Structure formats: structure tokens, C-alpha cells
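The values are calculated or read from the model by the stated rules, or taken from the named source; none is laboratory data. Since this is a predicted model, take the numbers as computed values, not measurements. Cβ: placed from backbone, ideal geometry, glycine included. Neighbour counts: every protein chain shown. Heads up: the accessible areas ignore ligands, DNA and RNA and are worked out on the full protein's heavy atoms, side chains in. Shrake-Rupley method; radii C 1.70, N 1.55, O 1.52, S 1.80 Å.
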Number of protein chains: 2
Amino acid sequence: MTKSSQQGLTAGVKNQINPMSSAASILTVGSLAFDTIRTPAGVAESVLGGSVNYFSIAASFFAPVQVVGVVGGDFPKEHLDWLAARQIDVSGIQIAEGKTFHWSGSYDTNLNEAKTHATALNVFESFNPQLDTKHRDSSYLFLANIDPVLQQRVLDQKGASDLVACDSMNFWITGKPEEVRKTLKRVDVLCINEGESILLSGQRNLMSAAKMIREMGPSVLIIKRGEYGASLFTDHGIFFAPAFPTPTVIDPTGAGDSFAGAFIGYLAKVRANRDLAKTDPEQWNAHLRRAVIAGCVMASFTVEDFSVHRLMRLTHKEFDARMEHLLKMMIV
Amino acid sequence: MTKSSQQGLTAGVKNQINPMSSAASILTVGSLAFDTIRTPAGVAESVLGGSVNYFSIAASFFAPVQVVGVVGGDFPKEHLDWLAARQIDVSGIQIAEGKTFHWSGSYDTNLNEAKTHATALNVFESFNPQLDTKHRDSSYLFLANIDPVLQQRVLDQKGASDLVACDSMNFWITGKPEEVRKTLKRVDVLCINEGESILLSGQRNLMSAAKMIREMGPSVLIIKRGEYGASLFTDHGIFFAPAFPTPTVIDPTGAGDSFAGAFIGYLAKVRANRDLAKTDPEQWNAHLRRAVIAGCVMASFTVEDFSVHRLMRLTHKEFDARMEHLLKMMIV
């Protein structure tokens, strides 16, 4: 790549990221939680977690976000207010009687894999997502990692979307394989980690796994590979993005959800959707690749502190600088 | 990256790879062996192996190679003849009385890590590399994974080189740490795998490990990450190259040595060396990055069959096509 094309590229990325006036809106459905986490860097007790917490903060750097979820009376109202202050519509977060979902887990020196110690579903046990009119009007939908039966109920209520993406996890892939398959038939994008891709496909080889999973429904597949980055599979081919190599890795929790938030956020920002995939596949593919880079960059910030702390103090300027830096590490 | 700059890039790569008339010559010192290997794909009994066997075949795609090593009377003369037929000077391979070095190992489903079952050093036990005049005249030197004391003896005999690279392994890093450090002070390039980088530096974090290792001597550090590709660390920054995602992974043995062969071969081909690093650091860095890609591509062929079988039937055309293909997987 020549110097001038490189400057053109990063300049283009910057321009697309900043003002969000023209961005499409994103609806996400999933968990808000308290997490108790032990990592080689320390312990965090009952800190703010949950997939849509990470997802929505990350996505809000690019586009307006609506959240549907449930918390207990013990969830801090100040955090909901903080989310609301950044164009995240929290009116779909129900405050139910009882306690908020609580997850406890740990990571050993292999920071790519969490070990679950305890899961107290609490109010999340009877979560039954309800979409109102404004949620149904959202252009982009991200189904975070919840029961695939609930993911389908959201799809049933949602009606038409410009793009539907989802996540899942080992627990559902093993426990409700048929329901996971039903969800996959209805989504455009699946965003899972490498271990999940092996479990879902029964294939250890990346290429074989990707082929089999894409045959299940999603035309766009992202396999997240922790500190090794992420790979993107589309009709257009394969793309590899490295993780941004931050020297400060405190807690990997939420890396995947914030990856997805920046990825979908980026697409909503540039209004790249299912239609574009048909009308201009080259442009669609270019947007997808940049969205993956945005996801990698966001995840690299997430892991630099416990909970959503690093994301809460992240600036657009910091994000843009790191995105430029990562792009430079990929120039051949 | 624009379409035109992409075409220019791959065209440039191709032009640099094919005719080797102007390439500098490479000397390599290390093992030739019989390997008995079990992988999930099958078993291979007493097949041709050894670091300089893989290295020299890979490097011979780019530049003339000289090999210094030792085999027993049981090593097939036909293989030495085959090497000689491809501009690999095997006159430095001593045929000693006794048996050839024999390694037995296996890989489980995690193909990134070999488990050693047995090592019979045989004639390799008393290996004492002797360089003659033509070896000393070689411009590039690659010290394959042997006792660091022997690596230093080669350096003592060699005199001036345009570029010196080396490999090592856990066995020496743990067993002779002071000698490994002495070797590292005298090389330009270190090419090791991720596990070895953690052991050598005592750092699990990639950035911290790289910083510490580069302070030990090598200004260029390559950390090979198996199916995740390779990372390059220089004064110029960091570069990440993905592995080429071949669907056919039979045997990872020799992937690292053939990576190094293509990497050094590529540099010798374009005559990128220590001087260029000083006079034109941008050009030097660009060559290093392409050399890393060449290494990743070569390694992806190596793993497609047992022993050096895939490399022995690899064509320039196949190599160039896969290199273009991998570069396309990196375009943002």
C-alpha cells in the first residue's frame, strides 16, 4: 500500500466514525448483570456486566441504540441514567422485583477462556422480551447471547430489519441445538468465538467450521479468536483482523460483546445492510472488513479494565487513534 | 486499499519471487532427521525431517542455499541428490558412521503444540559444524534450532554476514539460558514460536514479551503463532500476518522451519539486509512484512502432508497464487 492510499484509508475511516447524525438505529436484546470476576490481574466483586451493557456502550460510539432487557431493584439507577445520557434508549429495560442476574467467573493465565463459577439468573430467569413500536422500527437488530427460544420471540415481534445479527454460547449450542439452528436460519450475521464455532460445527479446522456454519443460515460469519483477533467469512471470501496488542490486559469479560457492538455500530453508522450486500457486494465487503477492525479495536479497550470502566471513559479520539494504529499493523 | 494499488502489490511480489539470478546465498546449520509422527490425520514412520531439511527446501524457492549438518549411513542418498538438484549445496552435510537423528512425537487436536515421545540423537550427538571457505562467503546465515553453543561456534567461524537469523526451543531456553542469551546478542533476527517467547521472556503478554526479547539482542523478532499466523516486531512497529487457512492440515511438523526458510529466502532474494535497515528503514520494513507473508504461505503448504512431501511437489505457480490469495484476505 502506498503512503497516500494509507492516508486516504484512515482519513475515510475517521470521517465515517465521528458524527452519527445519519446513522441507523440498533435494537439489542440481552442481559444486564452483576459480575464477580477473578483474573490474574485481580478481583472485581459485583461490578456492572451483561452482554447488552457492553454491546450498547460500544455501539453508541457509532449509532443510536435501544436496549431491551431486565434488571432487579438492586441495579444502580445511575448507570441506566449514564447509558441514557449517551443516546442509549433504556426505556425497554424492565426493572423487575427481585435481584439482577449475577455471574461469577475466573480466567487463568490463558485469558481466552472464562471458567464459570456460579450463575444466579434471578430476574433474568423469567425474562420475556417485549418490543414496543419504536423497537420494531429499529433498522438493525443484535440478539445477544440469550436462550435461542427468546431470540426467536424477538424475531417474531420485530418484523422487518435491515440487518439481523446474533451471538450464542456453548450452553445453548449443547443444551438447545435445534433451537439454535432455528435462530441461525433467520439471521444475516453470526458472531461467535472459536470454541463455539468448533462446538457448533463439530469441525476443528477453521475453514471446515466456517463452511458448515454458513450453510446453517448466516451469510456473514465472524469467528472471534481472543488475543489473535477475528476472522470474517462471507461470499466474498475471508478476512483476518489481528487483535490490537494492548500491553494492559486486566479482564477479558465483555470483549466479545463490545466487539459486536462496534461491529454492528460501524455498519449502522455507514448504513451497510442486507440490501447493500446485493446491490454492491464489493462495498458491502469493504464495510464489513472495517467493521471487524472497529470491533477488534473496541475489544482491546474493554480488556484494559474490569467491567465497562474503560469503555465508559473511552473517547472518540482515543478510538480513532488506535484504529489508525491497528490499520498500520496490517499494511503489507 | 484501492484496486490498483492491490494489483500493483501482488504484481510486485510476483516479480520479486520468480527468477533467482540476483539472489544472495544463504547458509543454514542444523539437523537432518528421521521423524516418526502421530497426528489426528494418521501416522508416519521414519519419514524425512530435520530443521534444515524443511528450511533449505523452503528457502530454495527464492535463493541458493548451503547446508551444514550431519546424517548417518542410513540417510537416503536419493534425498540428498534431490536437494542438490534444486540449487541446495549439500556438500557440507557430513555422512557419519552410525544412525541419523530420530525424533518421535505426536500432536493431539491442538495442532499448535508437539509432544515429544523419544529423541535418539545418534550421529547428531557429536555434531560439530565445520564451515569451509564457500560457507563463510555466504551472505545470509540461518542458525536452526541446535545447541546454542554450536550456534556460537558457527558464528565464530562464519565471520561477516549481511544478516544473521536464528531459532531456538524450550529445551535450550530452559537448559542453557546463558548460552541462548549469548547467541541472541549476536543475531539480527530471532524467529521463535509463541510458547518459546513466553518462556524466554517470562512474560505472557505479547507486547511485554516482544519488548524484553528485543532488548536481548535481535532487532527483528518474529513470534510464530501456529494457525493464528505470525507477528513481526521491529523498530518500525508491529506487523501481524494471518496464517493461510488451509482446510487440509495433516502434520504441523516443520511449519516453523519452512516459515523461516521462506522468510530468509525472500530477504535474500530481494537482498534486504542489515545495511538496508540503516539506509532505508521503510524499504527494509516493507521487505520484512512481505517476507513474513511468504513464511506464512510456505508453512501452510508444509502442514498439508507428512514430512517434506508437500514442499517437494510445490510449484512456484502454486506458491504465488496462494500468496496473492492471502494478501487479499488482509485488505482493509
> Setting aside same-chain residues fewer than 8 positions from residue A:99, which lysines have a Cα under 20 Å from its Cα?
Replying inline: A:77
>> Can you give me the long-range amide H partners of residue A:230? Hydrogens built in the peptide plane at 1.01 Å from N, cutoff under 5 Å, separation of 5 or more residues or another chain.
In response: A:225, A:241, A:243
> Karplus couplings for region A:29-43 from phi (6.51 cos²θ - 1.76 cosθ + 1.60, θ = phi - 60°), rounded to Hz, Gly and Pro as x?
Replying inline: 10, x, 9, 10, 7, 9, 10, 10, 10, 10, 10, x, 8, x, 10
> How high is the relative contact order of chain A, in percent, counting Cα pairs under 8 Å that sit 6 or more residues apart?
Replying inline: 19 percent
> Using the alpha carbon gyration tensor of region B:182-328, what are the three equivalent-ellipsoid semi-axes (square root of 5 times each eigenvalue), largest first, in whole Å?
Replying inline: 25, 19, 13
> Given the protein chains as shown and a 1.4 Å probe, how many square angstrom of residue A:169 are accessible, to the nearest 10?
Replying inline: 70 Å²
> How much area per residue is accessible in the protein assembly as shown when the probe is 1.4 Å and only protein heavy atoms are counted (Å²)?
Replying inline: 38 Å²
> How far, in whole Å, is the nearest Cβ of chain A from the axis relating it by rotation to chain B, and which residue carries it?
Replying inline: A:228, 2
> Among A:69-76, B:149-156, what's the highest-first ranking by average C-beta atoms within 10 angstrom per residue?
Replying inline: A:69-76, B:149-156
> Under a straight-distance cross-link criterion of Cα-Cα below 23 Å, which lysines are reachable from residue B:317, leaving out those fewer than 8 residues away in the same chain?
Replying inline: B:3, B:14, B:269, B:328
>> Along each principal axis of its Cα atoms, how long is region A:84-149 end to end? Whole angstroms, biggest number first, please.
In response: 45, 30, 28
> Taking θ as phi - 60°, what are the ³J(HN,Hα) couplings along region B:277-287 by the Karplus curve (6.51, -1.76, 1.60), each to the nearest whole Hz, with x for Gly and Pro?
Replying inline: 4, 7, 7, 8, x, 5, 5, 4, 5, 4, 5
> When only C-alpha pairs under 8 Å and at least 6 residues apart count, what is the relative contact order of region B:213-264, in percent?
Replying inline: 22 percent
> Roughly how crowded by other chains is peptide A:246-253, in terms of the mean Cβ count from those chains within 10 Å of each of its Cβ atoms?
Replying inline: 2
>> Among DSSP bridges having both ends in region B:188-275, what percentage is antiparallel? Round to the nearest 5.
In response: 65 percent
> How long are the three semi-axes of the equivalent ellipsoid for region B:46-97, computed from the Cα gyration tensor as the root of 5 times each eigenvalue, in whole Å, largest first?
Replying inline: 18, 11, 10
> What is the percent of Cα-Cα separations in region A:98-210 that go past 21 Å?
Replying inline: 46 percent
>> Helix-only mean residue ellipticity at 222 nm, chain A, DSSP H runs n ≥ 4 weighted -39,500 (n - 2.57), per residue, nearest 500. What is it?
In response: -12500 deg cm²/dmol
> In a Debye calculation with equal point scatterers on the alpha-carbon sites of region A:282-324 and no solvent, what is log10 I(q)/I(0) at q = 0.14, 0.16, 0.19 Å⁻¹?
Replying inline: -0.36, -0.45, -0.59
>> Going by amide H atoms built from the backbone, whose H comes under 5 Å of the H on residue B:250, apart from near neighbours?
In response: B:304, B:305
> What whole number of Å gives the distance from the Cα centroid of region B:303-328 to the Cα centroid of region A:116-157?
Replying inline: 46 Å
>> For region A:148-205, what does the convex hull of the Cα positions come to per residue, in cubic angstrom?
In response: 73 Å³
>> I'd like the distance between the alpha-carbon centres of region A:224-266 and region B:233-254, rounded to an integer number of Å.
In response: 18 Å
> Which three extents, in whole angstrom, do the alpha-carbon atoms of the protein assembly as shown cover along their principal axes, largest first?
Replying inline: 83, 49, 42
> Which value, to two decimals, describes the C-alpha radius of gyration of region B:8-152 once divided by 2.2 N^0.38 Å?
Replying inline: 1.14
>> On a full-extension model of 0.36 nm per residue, what is the gain between residue B:84 and residue B:116, subtracting their alpha-carbon distance, rounded to one decimal in nm?
In response: 8.5 nm
>> If I model a spin label at residue B:97 and residue B:181 as a point 7 Å from the Cα along the Cα→Cβ vector, what separation in nanometres do I get?
In response: 4.1 nm
> How big is the A/B interface in buried accessible area, both sides summed, 1.4 Å probe, to the nearest 100 Å²?
Replying inline: 2900 Å²
> Where does the Debye-calculated log10 I(q)/I(0) of region B:114-179 sit at q = 0.18 Å⁻¹, using only Cα point scatterers of equal weight, no solvent?
Replying inline: -0.77
> Leaving out same-chain residues fewer than 8 places away, which aspartates and glutamates sit with a Cα under 17 Å from that of residue A:176?
Replying inline: A:125, A:147, A:167, A:196
> Could you give P(r) for region B:213-256, binned at 5 Å from zero, as whole percent values over all Cα-Cα pairs?
Replying inline: 5, 19, 25, 20, 14, 9, 7, 1
> So how long is each side of chain B along the principal axes, counting just the alpha-carbon atoms, biggest first, in Å?
Replying inline: 58, 43, 40
>> Over the Cα atoms, compute the radius of gyration (one decimal) and Dmax (the largest Cα-Cα distance, rounded to a whole number) for region A:245-320, in Å.
In response: 13.8, 43
> Which of A:185/A:278; A:115/A:185; A:158/A:182 have a Cα-Cα distance over 23 Å?
Replying inline: A:115/A:185
> Quick one: Karplus J couplings for region B:90-107, per residue in order, coefficients 6.51, -1.76, 1.60, θ = phi - 60°, nearest Hz, x for Gly and Pro?
Replying inline: 9, 5, x, 8, 7, 9, 9, 6, x, 9, 6, 2, 10, 10, 10, x, 8, 10
